[in-house]
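For reference, the structure is listed below as structure tokens.
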Amino acid sequence: MRLSLRVLYAARGVWRECFPLHGRDVARWFPGHMAKGLKKMQSSLKLVDCVIEVHDARIPLSGRNPLFQETLGLKPHLLVLNKKDLADLTEQQEIVHYLEGNGIKNVIFTNCIKDENIKQIIPKVTELIGCSYRYHRAENLEYCIMVVGVPNVGKSSLINSLRRQHLRTGKAARVGGEPGITRAVTSRIQVCEHPLMFLLDTPGVLAPRIENVETGLKLAICGTVLDHLVGEETMADYLLYTLNRHGLFGYVQHYGLASACDDIEQVLKSVAVKLGKTRKVKVLTGTGDVRVTQPNYAMAARDFLRTFRSGLLGPVMLDRDIMPACC
Ligand SMILES: Nc1nc2c(ncn2[C@@H]2O[C@H](COP(=O)(O)OP(=O)(O)OP(=O)(O)O)[C@@H](O)[C@H]2O)c(=O)[nH]1
């Protein structure tokens, strides 16, 4: 829900201009152990004709792992921006232009839950392979594609969606709401008969160094890192900051709040009360212990994030702040 211009105007200056980042150690959220996954991918690369990189359409310009390009970059590359149902793609053309300017020429926006645009993938991949030199694989009539990406962006869902569309068959790759469901580079999974095409699913691999804390927070609210590593209340605060700045006030209606607000404590308190998520805590007073009822902020933060991730607060473009005005 977008509020009327009058209300938005009245609220101008109320929202925070920037998110306080002090003291947040992004390195702790993204431990460097993921290099192992990348090494495995490299060793399978000689079997591969094309790399499909899946990323979250809500963050099309940030949070991708630059090592994919550096280490797997010799192969034809298709960027699939998935979860388009959750993304505000009003500026899709500008995004595509910007990516093109950065050397990413092949981009498809998908929704793997509803199989949207999935049928464009195999023809595109076939075309890319057709234009490339396949080295020792030139005689081989079957294609092998590696699917890479940061955790939880929908790599396994994409494989399952391709199989539904081209083979009319069910699930082959495990899907989950948390990052880290795929643990190893899998054996080949067939996704198409004509041309005969196989995919390798791979574990999600984050960049060893995230460029800045704000990118880290965007990746976190999109669910690419385990929530407890960042802290649900910090993430809820960043989400609130973003929604307000973008004029997305769906949360006010969703939780029946009196008005939009930029104070996370206030919002979580109202959410907790609304959801009946309170808890009794013991307080030591001068006359002894008393039990008081307090809002359960942690449960409220969890619900706020879950609601956002399921799309109930409306589509969002988290990279709007870094899109150059002219792109
Ligand atoms: N709304 C929406 N959700 C999606 C879409 N594609 C996948 N999901 C959900 O995103 C979550 C992660 O999907 P997976 O396919 O397991 O992601 P992954 O990249 O293989 O995850 P890892 O194994 O952790 O690397 C699941 O809850 C999916 O149902 C989509 O297009 N739209």
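Past the 30 Å Cα-Cα mark, which pairs from LYS155/LYS269; LYS40/LYS83; LYS36/LYS277?
With Cα atoms farther than 30 Å apart: LYS155/LYS269; LYS36/LYS277.
So, taking all protein chains as they sit and a 1.4 Å probe, how much accessible area belongs to ARG24, in Å² rounded to tens?
70 Å²
Given a 1.4 Å probe, how much area per residue of segment 223-327 is accessible, in Å²?
Working: 5130 Å² over 105 residues.
For segment 223-327, the per-residue accessible area is 49 Å².
Note down the net charge around ASN117, summing +1 for each Lys or Arg and -1 for each Asp or Glu among other residues with Cβ under 13 Å from its Cβ.
+2
When N is the residue count of the chain, what does its C-alpha Rg come to as a fraction of 2.2 N^0.38 Å?
1.11
Sort 208-218, 248-258 by the packing proxy (mean of other Cβ within 10 Å over each peptide's residues), most packed first.
On the way: 208-218: 18.7, 248-258: 16.9.
Packing order, densest peptide first, comes out as 208-218, 248-258.
Between THR71 and LEU196, what FRET efficiency comes out of the Förster formula 1/(1 + (r/R0)^6) with R0 = 35 Å and r the beta carbon distance, rounded to 0.05?
Here the calculated transfer efficiency is 0.85.
Would you work out the charge dipole size for segment 180-298 about its Cα centre, treating the Cβ of every Lys and Arg as +1 and the Cβ of every Asp and Glu as -1, and quote it to the nearest 20 debye?
Approximately 440 debye in magnitude.
Per residue of the chain, what 222 nm ellipticity follows from adding -39500 (n - 2.57) for every DSSP H run with n ≥ 4, rounded to the nearest 500?
Taking each H run of at least 4 residues, the total per residue is -10000 deg cm²/dmol.
Would you mind telling me the share, in percent, of accessible area of the chain contributed by carbon and sulfur at probe 1.4 angstrom?
53 percent
With every protein chain kept in place and ligands, DNA and RNA left out, what is the accessible area per residue of segment 35-172? Probe 1.4 Å, answer in Å². Walk me through the numbers before you get to the answer.
On the way: 6180 Å² over 138 residues.
Here the residues of segment 35-172 average 45 Å² of exposed surface.
So for the chain, averaging the separation of alpha carbon pairs under 8 Å that are six or more residues apart and normalising by length, what relative contact order in percent results?
Reported relative contact order: 23 percent.
In whole angstrom, how far apart do the alpha carbon centroids of segment 290-327 and segment 210-232 sit?
Computed from Cα coordinates, the inter-centre distance equals 12 Å.
The values are calculated or read from the model by the stated rules, or taken from the named source; none is laboratory data. Note that the coordinates shown come from a computational prediction; the quantities given were computed from them, not determined experimentally. Positions of Cβ are generated from backbone atoms using ideal geometry, with glycine treated the same way; all protein chains shown enter the neighbour counts. Heads up: the accessible areas ignore ligands, DNA and RNA and are worked out on the full protein's heavy atoms, side chains in. Shrake-Rupley method; radii C 1.70, N 1.55, O 1.52, S 1.80 Å.
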